[in-house]
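**Q** Encoded as structure tokens, here's the structure I'll be asking about.
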Amino acid sequence: MLPELEDCFLDHVAIATSDLEKSVDIFTDLGLVFQEAREVVEDQKVKTAFAHIDKNAHIELLEPTSPDSAIAKFISKNGPGIHHMCFRVKDVVAKQKELIDKGFKMIYPEPVVGAGNCLVNFIHPKSTGGILLEISQKK
Ligand code: CMX
């Protein structure tokens, strides 16, 4: 029996790509259905496309909109591929405080507005064993 995951559950797996629509086509061939709208998150310098992979979770495709975006840097170092996992939380400020108290290093001192108008922060991969993690709260 699955536990009720209300406080923290998978929201999306994010994939860095240099060609958003080509990546959309690949996952569409697999059977996923993408939201028609593409969202540009100006602060993060990315264009995104979302498709559900279950009731709560999505694939988020991320294409850089600028050569100095985190995604462009990631692709130039590693090539395209899985960039981060995001967990939905009830209260991102409370979760961030809890994580800092446990010794995790957050990327931003305060949550910022991310895709879908959510409040988000990221945990540095150096404090998670090499995986960039995002926490996100629906506003
Ligand atoms: N997953 C795992 N490790 C990563 C990583 C990732 N996505 N991105 C970078 N790293 C690693 C680097 O390879 C580097 O490792 P080494 O020191 O072993 O070489 C280490 O993290 C730190 O690298 P850095 O040079 O200090 O930092 P970068 O300039 O590479 O930036 C990071 C890394 C995580 C701080 C930066 O990408 C960041 O601030 N991310 C948060 C915001 C973000 O990712 N925005 C894009 C998505 C927006 C959205 O989803 O809407």
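**Q** Under 1.5 on a/c is rounded, so check that first for the chain, then, if it is not, pick prolate when a/b is larger than b/c and oblate when it is not; a ≥ b ≥ c are the square roots of the alpha carbon gyration tensor eigenvalues.
**A** Here the chain falls in the oblate category.
**Q** Just to be sure I understand: of the beta bridges DSSP finds with both ends in the chain, what percent are antiparallel, rounded to 5? Write down the numbers at each step before the final one.
**A** Working: 27 of 36 bridges.
Close to 75 percent.
**Q** Under 19 Å from the Cα of residue 97, which aspartates and glutamates turn up, not counting those fewer than eight places away in the same chain?
**A** 6, 7, 110, 134
**Q** If amide hydrogens are placed 1.01 Å from N in the peptide plane, which non-local residues have theirs closer than 5 Å to the one on residue 91?
**A** Residues meeting the criterion, in which the H sits 1.01 Å from N, do not exist here.
**Q** Order of 63, 42, 134, 98 from fewest to most other C-beta atoms within 10 Å?
**A** Working: 63 26, 42 9, 134 23, 98 13.
In order of increasing Cβ crowding within 10 Å: 42, 98, 134, 63.
**Q** Next question. Under 10 Å, Cα contacts only: if you run a Gaussian network model on the chain, which one of 129, 116, 79 comes out with the highest mean-square fluctuation?
**A** It is 129.
None of the figures in this text is laboratory data; all of them are computed from the coordinates on show. A quick note: this is a predicted structure, and the numbers were derived from the prediction, not measured. Every residue, glycine as well, gets a Cβ built from its backbone with ideal geometry; the counts of neighbours run over all protein chains shown.
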